[in-house]
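Read the structure below first, then the notes.
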Amino acid sequence: MAIGYLQVQARTARGTVPLDGARIRVLDSEGNTVYRLTTDESGETQAVPLETLDRGFSLNPGYMGNPYYSYGVAVEAEGFEPVTVTDIPIFDGETATLPVTLTPLERQQEQGQPERQSEQERQTRRQEGETVSVGPPAVAMTSGRSQEGTFQDARVLRQVVIPDPITVHLGAPDSYAANVQVPFLDYVKNVAGSEIYPTWPESALKANIYAIMTFALNRVYTEWYRAKGYDFDITNSTAYDQYYVPGRPVYDSISRAVDEVYGEYVRRQGQYAPYFTSFCNGSTVTCQGLSQWGSVSLADRGYTPLQILRSYYPDDIGIARTNIVTGALSSYPGAPLRTGSGGLDVQTIQTWLGRIRRNYPAIPAITDPAGTFGAGTRAAVEKFQSIFNLTPDGVVGKATWYKLSDLYTAVTRLAELSSEGTSLGIGTVPPGSVLRQGSRGQDVVTLQYLLDLVSQYDSSVPAPAQDGVFGSGTRQSVTAFQRAKGLTADGIVGARTWQALYDTYLGIGENVPAPGPETGTVSYRVKAGDSLWLIAQRYGTTVNAIRQANGLTSDVLQIGQVLQIPVSQSPYVEYTVRAGDSLWLIAQRYGTTVEAIRQANGLTGSALQIGQVLRIPVGS
């Protein structure tokens with residue numbers, strides 16, 4: 001009997017916060033428990049062996065069954081909705097890494113608050129949680145594909161850019177389905193695992209990955225859907241686009257291949273646009289584009305990925321590269337960084353790793369001098385790569401660079417949101433106003449902040465602009481949130497929607513672990529009106545951290561009671577400059593002064609650069 005492997009990663013906030021101590025059960029096809037596992041400080045389990053079919057079945061286009069055994073995973077973590085993933089394909093000799101994103105539980109409603117659902121419904125959701133079904137890759141399907149697109153160099157965008165994140169519609173274009181935002185690197189790895197078998201020869205894998213990546217870049221470059229008025233870049237319908245399955249595992253062979261070709265795409269000689277690389281399985285379904293099974297046959301005959309692609313697309317196609325990534329702090333320097341490299345680019349990744357390790361303490365501290373890529377930097381890079389499904393070679397290539405940029409942006413964004421919530425005075429009681437498109441003012445600022453925070457934990461809720469104006473973008477975000485919470489999706493924020501937003505917001509504050517490790521405590525004497533949540537917000541920590549520091553078993557406080565509050569010893573928070581920022585606006589947001597920010601950062605003027613990281617003095 002053949003053996004494959006499964007590793008589980010439990011995280012929240014789009015992968016930026018690992019969940020230590022999550023309880024995992026691996027289940028066979030009958031629902032019997034095969035393993036009981038617990039995640040470590042990076043939110044990971046060890047890889048466990050599982051029986052499966054011989055890889056030869058997945059290399060035979062004539063085999064009509066599934067060439068693998070399927071398993072399930074049940075994940076539970078204190079303070080989060082449980083998640084069950086079913087029908088996970090395990091292939092011979094392959095390690096499947098299953099990323100499971102958990103959603104913080106909402107704060108339980110108190111007496112006198114408007115009811116959105118019955119207590120029985122709430123308890124059922126808390127006990128059963130979410131169920132995700134993975135299922136077979138598209139290459140095993142018999143349904144037809146009718147992909148349409150632009151083959152010509154019809155310029156819509158001025159440059160070929162990697163959309164990070166890419167917005168995926170989970171259904172046919174006109175279907176009533178959710179949109180999700182996915183980092184492009186993760187999207188490509190997911191689609192490759194959703195379309196083909198990871199056991200295929202390397203040349204076949206890379207040829208298919210080129211087609212998958214180029215297909216998506218063509219959709220973005222030509223604005224195929226957005227030009228038609230849709231609010232997404234691509235769908236996950238195999239009839240129109242390519243298969244994306246939320247919650248699908250990442251396979252090591254596919255991950256390595258994507259890392260090597262990330263940012264490259266297919267185009268014709270003399271043209272700039274990504275070629276429209278349509279494809280189908282080539283066995284039960286035929287088409288004018290690439291044959292997925294045919295690529296395996298050609299790889300077995302020694303064809304390179306480009307030779308395979310030229311067998312199905314015009315002879316003059318070639319491979320081009322783009323280093324332009326939307327949402328990235330800075331573009332890839334053009335050459336890999338490795339031991340012996342030096343300069344500003346090395347210092348940049350050292351800064352990113354230093355901040356990311358506050359959320360992922362398993363990443364070792366870098367002991368090399370700033371700007372010097374030595375053994376300490378290599379060790380930190382290797383650990384980062386192993387945690388985030390990248391080839392752990394200690395070399396910062398395109399995929400590692402942009403994953404570092406993505407994670408750094410995400411973790412600093414979460415820290416900024418916590419500070420903004422405190423300065424806005426969100427409190428625990430929602431406003432009594434009714435907001436709709438066209439509304440303005442402070443309550444709209446509060447609404448947009450709450451939606452922005454929720455979007456970090458639910459990829460189906462887009463983050464609206466933080467401008468205090470209830471426009472179409474805010475309405476889109478509101479309706480997505482209402483659908484996610486089972487409310488009437490009318491885009492109007494009344495009592496029920498306000499309460500749902502606050503329950504979600506307070507649940508995040510109570511349940512999501514703070515980046516650590518905490519470095520000290522301060523004493524605090526409880527005053528009238530205090531609650532654990534309010535104290536946690538004031539000191540930038542969590543309710544659970546205060547409970548643990550004081551051995552509390554309930555949230556009841558006594559006036560005059562002295563608590564030990566875990567706090568960071570750093571007098572600064574980090575802030576990444578965004579478009580439209582000024583020193584004055586940042587100072588207002590954090591309750592400090594322009595001069596204090598200048599002194600903390602050695603600034604002599606007021607000029608700022610997008611992506612620049614500032615130290616903001618707190619309590620100054």
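The values are calculated or read from the model by the stated rules, or taken from the named source; none is laboratory data. Being a predicted model, the structure only gives us computed values, none of them experimental. Don't worry about glycine lacking a Cβ; one is built from the backbone with ideal geometry, like all the others, and counts go over all protein chains shown.
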Of the numbered conditions (1) touching a residue at least 12 places away in the same chain (Cβ under 8 Å); (2) within 27 Å of residue 138 (Cα to Cα), residue 333 fails exactly one; give the number of that condition.
(2)
For region 79-185, which strands (runs of 3 or more DSSP E) that fit wholly inside it have 3 or more residues that are at pLDDT 90 or above, of a type in the set (Val, Ile, Thr) and under 20 Å from residue 235 (Cβ atoms)?
166-169
Only one of (1) surrounded by fewer than 21 Cβ atoms within 10 Å (Cβ to Cβ); (2) in contact (Cβ under 8 Å) with a residue 24 or more places away in the chain is not met by residue 298, so which one is it?
(1)
Checking the conditions here, which among 448, 466, 456, 476 is surrounded by fewer than 21 Cβ atoms within 10 Å (Cβ to Cβ) and either without any contact (Cβ under 8 Å) to a residue 40 or more places away in the chain or hydroxyl-bearing (Ser, Thr, Tyr) (or both)?
466
Test: residue in region 190-212 that is over 29 Å from residue 298 (Cα atoms) and under 19 Å from the mean Cα position of the chain (by Cα)
no
List, please: which pairs have Cβ atoms under 6 Å, are six or more places apart or on different chains, and start with a residue in region 79-104 that is in contact (Cβ under 8 Å) with a residue 24 or more places away in the chain and more than 21 Å from residue 485 (Cα to Cα) and end with one that is in a loop (DSSP other than H, G, I, E, B) and among the acidic types (Asp, Glu)?
92/54
Selection from region 565-617 of residues farther than 25 Å from residue 349 by Cα, in contact with a strand residue (DSSP E or B) (Cβ under 6 Å, 6 or more places away or on another chain) and modelled with pLDDT under 80 yields 565, 566, 567, 590, 592
Among the residues of region 202-213, is any touching a residue at least 24 places away in the same chain (Cβ under 8 Å) and among the basic types (Lys, Arg)?
yes
Can you tell me which condition residue 371 does not meet? The list is (1) surrounded by fewer than 17 Cβ atoms within 10 Å (Cβ to Cβ); (2) closer than 15 Å to residue 400 by Cα; (3) among the small types (Gly, Ala, Ser), and all the others hold.
(2)
